[in-house]
Amino acid sequence: MRNTVAIAGKELRSYFASPIAYVVITVFLVVTGLFFYYGLHDFPYEATVRHYLAPFYFQLLVVMLASVLTMRLIAEEQKTGTIELLLTAPVRDLEVVMGKFLSALAILVVMLAITLYYPLLMYWFGSPDSGPIFSAYLGALLMGAAFVALGVFSSTLSANQIVAAVVSIGVLSLLLLFDWIGEEVGGDAGGVLGYLAFPNHYEDFYRGIIDTEHLIYFLSFIAVSLFLATRSLETRRWR
Amino acid sequence: MIEVENLTKYYGRFMAIEDISFSIKKGEIVGLLGPNAAGKTTTMRILTGFLPPSSGTARIAGYDIRDQSLEVRRRIGYLPETVPLYTDMSIWAYLNYSARLRGLSKAKRNERVEAAIDLCHLQDYADVQIGKLSKGFRQRVGIAQALVHEPEVLILDEPTIGIDPIQIKETRQLIKRLGKDHTIILSTHILPEVSMVCQRVIIINEGHIVAVDTPDNLSLRLGGSGRLQIDVRGPLQQVTVALRRLAGVSEVVCEGQDNRGRYLVTCDADKDLREEIAALVVRQGWGLLDMQTIGLTLEDVFLKLTLREDL
C-alpha cells in the first residue's frame with residue numbers, strides 16, 4: 001500500500017511536470033463546456049447534467065483522453081529502461097499497477113470535479129434535481145475509471161506509447177460500437193455483445209438510476225483490466 | 001553472500017549463459033569480466049530478479065532469487081547498464097523516490113539521500129533536473145540510487161562506462177570504499193579496472209565461465225609482462241635474429257624500414273627480458289630508442305584462455 005502511494009504520487013507529479021495533464025484537462029473542459037452551453041441553449045428549461053455527460057461524443061472523448069493519459073504510464077518505463085529500477089525494487093507488480101492506475105484516476109477525478117461548476121451554476125439560477133446529478137457523475141467516474149484501467153493494461157503491452165494508445169482506443173471503440181453491432185447481429189450472440197457494450201451500462205446512470213448490475217459491470221471491468229495489467233507485467237519478466 | 005548454482009538462460013533458442021556457478025563471500029568486490037554479449041548483463045539481471053533463469057538458481061544473503069524475490073530485492077542495490085533515470089525529476093527527488101521504493105521511512109530517507117549525494121559528489125546539483133545532466137553525472141546519480149538504501153549487496157553493471165578519466169578514478173575509489181561494508185559484484189570489459197578494484201575476477205565468454213581467480217594470479221598465469229615493444233636503430237634482419245636467439249623469447253615481429261625498426265617481442269611466461277634486451281642492443285652498438293611493456297589486453301586474455309586448456 002505504501003509503495004502504491006509512493007508510485008501514484010510520483011506519477012501524479014510527473015503528469016503536472018509535463019503538459020499532458022494540462023492539455024487533457026483543458027480539452028475536456030472546452031468540450032464539456034460547449035456541450036453544457038448548447039444543451040442549455042437548445043433546452044433552456046432542462047436543468048440537467050445530461051447535456052454534457054450523456055452524449056455519444058462525451059463517451060468517445062473520455063475514451064480518447066483516458067487512452068492518452070495512460071499510454072505512457074508503463075510503456076515509457078519500458079522504453080527508457082526505468083522499468084529495471086521499478087521491477088528490481090522490493091515492490092509487488094500489483095502495487096506498480098495500482099500506483100499507475102490511481103495516478104491517472106486522480107487526473108480523471110480532478111477533470112470531473114472542475115466540471116462541477118456547471119451544476120453549481122444551475123443551482124444558482126434554478127433548482128435542479130440532485131439525485132440524477134449525483135448518479136450521472138458516479139457513472140462518468142466509473143466509466144472513466146474503467147477506461148483508465150484498460151489503458152494501464154495496454155500500456156504494459158508495448159514499449160511504444162503510440163501502440164499503447166491505439167490498442168486502448170481500439171478496444172474501447174469496439175466496446176462502444178458493440179451496442180449497435182449487437183442489435184444488428186441479434187440473437188444470443190447479439191445479446192452478449194450488447195452486454196459487453198459499456199453505453200448500455202452507462203445510460204441508466206445519467207437517467208438517475210443506480211443499478212447494481214451496472215455497478216458490477218464497471219467494477220469488474222476495472223478489476224479484470226488491472227488483473228490483466230499485473231499478469232502482463234509479470235510475464236514481461238518471462239519474455 | 002552470493003551463491004550462484006548452474007544458472008542458465010535462453011532467450012528463445014539463443015543461449016545467453018549456460019551452467020554458471022560461483023560464490024562470493026561477504027565483503028568481497030568481484031569483477032565480472034567479458035566482452036560484449038558474454039552474458040554479464042544477463043547474469044546480473046537474473047541476480048536482481050529482473051529476469052528469471054531458464055534453469056539453475058542463486059541465493060543472495062540466503063534468500064532464493066526464484067522463490068523469495070522480494071527478500072532478495074530488499075537487500076540489493078542495482079545499477080543497470082542503462083541508468084534508470086526519470087529525466088523530469090531533480091536528483092534529490094529521484095533519490096528520495098528510489099529510497100521510498102526500497103521502503104525507507106521519511107526520516108531515514110532524508111538522512112540517506114543526503115549521504116548518497118555526498119558520497120557521489122552531487123552536493124551542488126541536488127536540485128538540478130536529471131534531464132539536464134551530462135552522461136558522467138547521470139552515471140553518478142545511478143550509483144547514488146544503487147546505494148541510497150545501504151543494501152548488503154551492490155550489483156553494478158558497467159559502473160565506469162561513459163564517464164571521463166577523472167570521474168572514472170573517483171568512481172573506482174568510491175567502489176573500493178564501499179567494498180568495506182558492502183559485497184559488490186561489478187561488470188566491466190576493462191582489464192586494468194578489475195585489477196585496480198576487484199579482489200577476484202570471474203571471466204565470462206560466450207555464456208560460460210572461463211576463469212575465476214584473483215587479478216594477480218590471473219595475470220601471472222597468463223604470462224606476466226607478456227609483450228615488449230622495442231624501437232631499435234640498427235639493421236632489421238640482424239636485430240630480429242639476435243632477439244630471436246635470446247632465451248625466453250617466443251616470437252618477434254618486426255616492422256620498419258632502413259635502420260629503424262619496431263619489434264614486438266613476445267616473451268615466455270614470468271620472464272622479464274627488459275634488461276637482457278637492453279644489454280644486447282648496447283653490446284651490438286645499435287641504438288635503443290624506446291622500450292615498453294604492453295599490458296595484456298582483454299583480447300589476449302581471451303586468446304590465451306581459449307587456446308590453453310591447461311588453465
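Read-outs: derived from the displayed coordinates by stated rules, not from any lab. This one's a predicted model, so the numbers in the text were calculated from it and none came from an experiment. Cβ: placed from backbone, ideal geometry, glycine included. Neighbour counts: every protein chain shown.
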Report, for chain B, the % of DSSP beta bridges that are antiparallel, rounded to 5. 70 percent
Amide H contacts under 5 Å for B:S250, placed H, 5+ residues apart: B:T266, B:C267, B:D268
Considering only C-alpha atoms, what is the centroid distance from the stretch B:1-39 to the stretch B:105-152, in Å? 28 Å
Taking a cut-off of 24 Å, what percent of all Cα-Cα pairs in the stretch A:45-177 are separated by more than that? 38 percent
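Please list the equivalent ellipsoid semi-axes of the stretch A:2-238, computed as the square roots of five times the alpha-carbon gyration tensor eigenvalues, in descending order and whole angstrom.
On the way: eigenvalues 203, 96, 44 Å².
Semi-axes (√(5λ), whole Å): 32, 22, 15.
Sort B:78-87, A:21-30 by the packing proxy (mean of other Cβ within 10 Å over each peptide's residues), most packed first.
My ranking of the peptides, most packed first, is B:78-87, A:21-30.
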For chain A: relative contact order, % (alpha-carbon pairs under 8 angstrom, 6 or more apart): 26 percent
Per principal axis, descending, Cα span of the stretch B:227-295 in whole Å: 32, 22, 19
So what's the back-of-envelope 222 nm ellipticity for chain B, counting only DSSP H runs of four-plus at -39500 (n - 2.57) apiece and dividing by all residues, rounded to 500? -10500 deg cm²/dmol
Taking the C-alpha atoms of the stretch B:2-221, convex hull volume expressed per residue in Å³: 117 Å³
Counting pairs of Cα atoms in the stretch A:165-215, how many percent are more than 15 Å apart? 50 percent
Let me know the Rg and Dmax you get for the stretch A:104-197 when you use only its Cα atoms, in Å. 17.4, 50
Give the Debye-formula value of log10 I(q)/I(0) at each listed q (0.09, 0.12, 0.13 Å⁻¹), with one equal scatterer per alpha carbon of the protein assembly as shown, two decimals each. -0.80, -1.11, -1.21
For the stretch A:1-85, taking Cα atoms only, what is the radius of gyration to one decimal and the Dmax to the nearest whole Å? 17.5, 57
Less than 12 Å apart at the alpha-carbon level, and either on another chain or at least 8 residues along: which aspartates and glutamates does that give for B:K169? B:E193
Counting only other chains, what is the mean number of Cβ atoms within 10 angstrom of the Cβ of each residue in peptide A:2-15? 3
Rounded to 5, percent antiparallel among DSSP beta bridges of the protein assembly as shown: 70 percent
Sorted largest first, extent of the stretch B:33-79 alpha carbons per principal axis (Å): 31, 24, 15
Within a Gaussian network of chain A (alpha carbon springs, distance under 10 Å), most fluctuating of A:V109, A:V192, A:V63: A:V192
One quarter of the C-alpha convex hull surface, i.e. the mean projected area of the stretch B:158-276 in nm², amounts to 10.4 nm²
Below 8 Å between Cα atoms, with a sequence gap of 6+, how large is the relative contact order for chain B in percent? 19 percent
The stretch B:14-122: percent of C-alpha pairs farther apart than 23 Å? 41 percent
